[in-house]
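See structure below.
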Amino acid sequence: MPKRLAIIGAAMTACATAAAALEVRIDMVERQVVPPPILSNLIAPPEDLALAGARLGLSDIAATGRFMGDDFTLTETRIAPGEDLRPAIEALLADGARLILVKAPAEDMLALADLAAAEGAVIFNVSDPSEALRGADCRANVLHTTPSLAMRTDALAQFALKKRWTRLALLQGPNPEDAAFADALRASLTKFGLSLAAEKAWAFDADMRRVASEELPAFTQDLPDHDLLLVADERGDFGRYIPYNTWVPRPVAGSEGIMPLGFSGVVENWGAAQLQTRFRDLSGREMQATDFAAWAAAAAIGEAVTRTRSADPDVLHDYLLSDGFRLAGFLGTPLSFRAWDGQMRQPIPLVTERAVVVTAPLEGFLHEFSELDTLGQDRPGTSCTAFP
């Protein structure tokens, strides 16, 4: 009789699990863009940037889902440069897409979020760092797993202040991304009581691969004495030629040198080495920040589904923004979402090409609720009004 009861109990458990099993569709949408011309294509961006992270995220949550009987699937859509975004997205929404990871510029992100059919969807921005998407242009159905510019530059400002490198100079590139990064740097320095002693705009169109050692010492000679040279070159056009070619020997940070990034292939602590190994096995390369953002979005969906036992986008959205949501993100501190703008809280590694220098927030930078909110826009200063 005990054996028969055990068999019946196992059968009842299996039936209950089957009844509670969930089918969860995740969509990865990429707006392909023509890379802007840069001086050197030595390190071309991988063709599967973000997509590889989403695939790893699906693999991870599918493994957990099998224990619960849940079925996670990933649908991949790439929209060619110049192709109209709306028809492709409307087709996906009509087909049932409601949990959507998006790698696209801000204007495409907003166009997707503002579609009537997307009102009940949860959209994860895995690539665009612009402050406006977290501020005046925020949308309640858009969550951000890629760090904002302010989060990255706040991390760098904390590091400079901790090192007592208070005499700072800035070299700014000519592109819109450079201007946005430089603006965020200035705001972060002001936030932490620092200032720039000097700024210079990048003024060369010559081939730095040949003349850097001749031109750069003269270009930086008139900078006042400084502890740290900040570089705003988000495309990676000229920054690589700055270190060791300046008039006076100084550390370089920002887009080059010591870089504040959402993630990097050199992050190994807190179990990240295992994440890196799985990613390399899957993609054959190192994980980049955008890959991590896509992985985190998929992992967040998996965590929310497991905890709520629901695939309803409204239920998942509310849980992701709640105090109960936490995601183990291999950065030392659990990740969560800010309820006022949908930004994922996360530590920011400051890295070189070969090592993590330090991870922000740094010790001593305190906050009333979470030290992670010392990075990026805090609730009192937000201009986002879309969230309750």
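Which value, in debye to the nearest 20, describes the size of the charge dipole of the stretch 62-118 about its Cα centre when Lys and Arg Cβ atoms bear +1, Asp and Glu Cβ atoms bear -1, and nothing else is charged?
Dipole magnitude for the stretch 62-118 comes out near 200 debye.
Of the residues Leu216, Leu275, Leu261, which exhibits the maximal mean-square fluctuation in a Gaussian network model of the chain defined by a 10 Å Cα contact cut-off?
Leu216
Would you mind telling me the share, in percent, of accessible area of the chain contributed by carbon and sulfur at probe 1.4 angstrom?
54
Kindly give Rg over Rh for the stretch 208-310, based on alpha-carbon atoms, with the Kirkwood expression for the hydrodynamic radius.
Reported Rg/Rh, Kirkwood definition of Rh: 1.17.
Please work out the Cα center distance from the stretch 122-161 to the stretch 178-205, rounded to the nearest Å.
18
How big, in percent, is the set of alpha carbon pairs in the stretch 84-194 lying more than 25 Å apart?
36
Taking trypsin sites (Lys or Arg not before Pro) as exposed when DSSP calls them loop (any state but H, G, I, E, B) and at most 10 other Cβ atoms lie within 10 Å, what is the longest stretch of the chain free of them, the sites themselves excluded?
Longest stretch, sites excluded: 165-353.
Determine, for the chain, the count of lysine pairs separated by eight or more sequence positions (or lying on different chains) whose alpha-carbon distance falls under 27 Å.
Eligible lysine pairs with Cα atoms under 27 Å apart amount to 5.
Run the dipole for the chain about the Cα centre, Lys and Arg Cβ at +1, Asp and Glu Cβ at -1, nothing else charged, and hand back the magnitude in debye, nearest 20.
That gives the chain a dipole magnitude of about 1280 debye.
Working only with C-alpha atoms, what are the Rg and Dmax values of the stretch 166-207, expressed in angstrom?
11.5, 37
Before I look further, what does the stretch 212-320 give for accessible area per residue, probe 1.4 Å, in whole square angstrom?
Using a 1.4 Å probe on heavy atoms only, each residue of the stretch 212-320 averages 40 Å².
Can you give me the solvent accessible area of Glu353 with a 1.4 Å probe, rounded to the nearest 10 Å²?
Its heavy atoms expose roughly 150 Å² to the probe.
With only Lys, Arg, Asp and Glu charged, each at its Cβ (+1 for the first two, -1 for the last two), find how big the charge dipole of the stretch 118-247 is about the Cα centre; round to the nearest 20 debye.
560
Accessible surface of Ser213 in the full protein assembly, 1.4 angstrom probe, to the nearest 10 Å²?
Estimated to the nearest 10 Å², Ser213 gives 80 Å².
Of the candidates Phe124, Phe204, Phe263, which one comes out as most mobile in a Gaussian network treatment of the chain with C-alpha springs shorter than 10 Å?
It is Phe204.
For the stretch 39-190, what is the accessible area per residue in Å², given a 1.4 Å probe and the full set of protein chains?
Computed with neighbouring chains in place, this is 41 Å² per residue.
Return one quarter of the surface area of the convex hull spanned by the alpha-carbon atoms of the stretch 230-388, equal to its mean projected area, in nm².
Its average projected convex-hull area is 11.9 nm².
Could you work out how far apart the two model spin labels at Arg307 and His367 are, taking each label as a point 7 Å from the Cα in the direction of the beta carbon, and quote it in nm?
1.7
How fast does the stretch 109-253 diffuse by Stokes-Einstein, in µm²/s, taking the Kirkwood radius from C-alpha pairs at 25 °C and 0.890 mPa s?
In µm²/s, the coefficient rounds to 145.
How far is helix 289-308 tilted off the main Cα axis of the chain, in degrees rounded to 10, range 0 to 90?
Tilt relative to the chain: about 30 degrees.
The values are calculated or read from the model by the stated rules, or taken from the named source; none is laboratory data. Remember, it's a predicted structure, so these values are computed and weren't measured experimentally. Positions of Cβ are backbone-derived with ideal geometry, glycine not excepted, and every protein chain shown enters the neighbour counts. Side chains are part of the model used for accessible areas, which takes the heavy atoms of the whole protein and leaves out ligands, DNA and RNA. Shrake-Rupley method; radii C 1.70, N 1.55, O 1.52, S 1.80 Å.
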